[in-house]
Amino acid sequence: MPTIKTLLARKWLWSYLGAAAVFAVIAAVSANSFATLSASISFATFYILVGIGQMLVITTGPGNIDLSIPNTIAFAASLGFTLINESNANIPYGVAAGIAGGGAIGLFNYLLIRFILMPPMIATLASSLIVRSLSIIYFRGMQIKPPSGLSWFVSYRVGGYVPLVFLLALAAAAVMQIVLTRAAYGRYIHAIGQNIKAAWLCGVDVKLYKMITYVLSGVFAGVTGILLASFTSGATLSMGDEYMLNSIAVVVMGGSSIAGGDSNVIGIVGSSVLLYLIVNLLNILGMEAGLRYIFTGVVIIGIIFLSGEKMRWR
């Protein structure tokens, strides 16, 4: 039977405690607390998906951060919706194209790192600028509307409160948790993140598994782009901007190590819900944008401080 001290040592738990505390405050100041919770987990869905992709990259070691995620989201959604052209019959083709486009950007990121020997953050930032330029050229920065079928799908709530897409994101998180803890892929990227040279000496194909990781990050960003654009009534050039820093924040708040070699899918779910509950609470309280950013930053620092104290002492 785990003690309270043992439970609190689990870094992912702090994000859930934070989410519970913020929801308690929302319940005290708002008469529609469950509606607020429902809206929060709807948007948390997108944090979960991009957070998983970012977490995979971060797990492969220090300096591995995917900065192309925001523009990958916008490009994938624009590409998919252009092919769909508001026709429900074209949804399978457009969704497949958007996801494939995200994966292709992830592969391009890896090729820059592997063959041009660019640091991952520089490579993904350069890739992001190229992708944004392509989006401007081919999609002209215009809002591209989703088909009615996808809009219905992302808006559907089970029991009137629980978004279907949130349940699907939980299912994806569960699958990735199994992959990272039981499959060879999970063992290998953890080994790469902990000591890349030792992993190579043990026979791990470092190049292959890093390539798979960057492709998966692009795929998760592509899925996020399609779903987010369907939820917000269209694909736009700036639709993914907030996901650059937030995709990193949910990973670190969820208990994964920014230094790599330590992933935590369970924590990403909790930190994603927490982050959007904070946004909604501050909106309810009527705080200005500047104050909202400051308060959110303080909460993120506090969660990281509490969950990472043992790691810092080590």
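If I stretch the segment between residue 208 and residue 298 completely, what's the gain in nm (0.36 nm per residue apart, minus their alpha carbon distance), one decimal?
28.5 nm
Taking R0 as 41 Å, what's the FRET efficiency between residue 20 and residue 115 from their Cβ-Cβ distance, rounded to 0.05? Show your work: numbers first, answer last.
Values: r = 47 Å, r/R0 = 1.15.
After rounding to 0.05, the efficiency reads 0.30.
Report the FRET efficiency, 1/(1 + (r/R0)^6), for residue 82 and residue 171, where r is their Cβ-Cβ distance and R0 is 22 Å, rounded to 0.05.
0.20
List nothing, just return the count: lysine pairs in the chain, 8 or more apart or interchain, with Cα separation under 19 Å.
Value for the chain: 4.
Where the convex hull is taken over the Cα atoms of the chain, what is its projected area averaged over directions, in nm²? Show your work: numbers first, answer last.
Values: hull surface 70.5 nm².
Quarter of the Cα hull surface area: 17.6 nm².
Rg (Å, one decimal) plus Dmax (Å, integer) for the alpha carbons of the stretch 174-240?
Reported Rg and Dmax, both Å: 16.0, 50.
Counting only helical runs of four or more DSSP H residues, what would the 222 nm mean residue ellipticity of the chain come to if each run contributes -39,500 (n - 2.57) and the total is spread over all its residues?
Taking each H run of at least 4 residues, the total per residue is -25000 deg cm²/dmol.
Got a sec? Which residues in the stretch 77-108 would a label at residue 152 touch, if it sits 7 Å along Cα→Cβ and we count backbone N under 13 Å?
Label zone hits: 88-89.
Set the Förster radius R0 to 41 Å, insert the Cβ-Cβ distance between residue 145 and residue 32 as r into 1/(1 + (r/R0)^6), and round the FRET efficiency to 0.05. Mind showing how you got there, number by number?
Numbers: r = 29 Å, r/R0 = 0.71.
The computed FRET efficiency comes out at 0.90.
Could you let me know the centre-to-centre spacing of the stretch 83-140 and the stretch 144-175, using Cα atoms, in angstrom?
So the separation of the two Cα centres works out to 23 Å.
We did not get these values from a lab; they are worked out from the coordinates using the rules stated. Worth saying up front: this structure is predicted, and the values here are computed from it rather than measured. For neighbour counting, all protein chains shown are included, and Cβ atoms are generated from backbone atoms with ideal geometry for every residue, glycine included.
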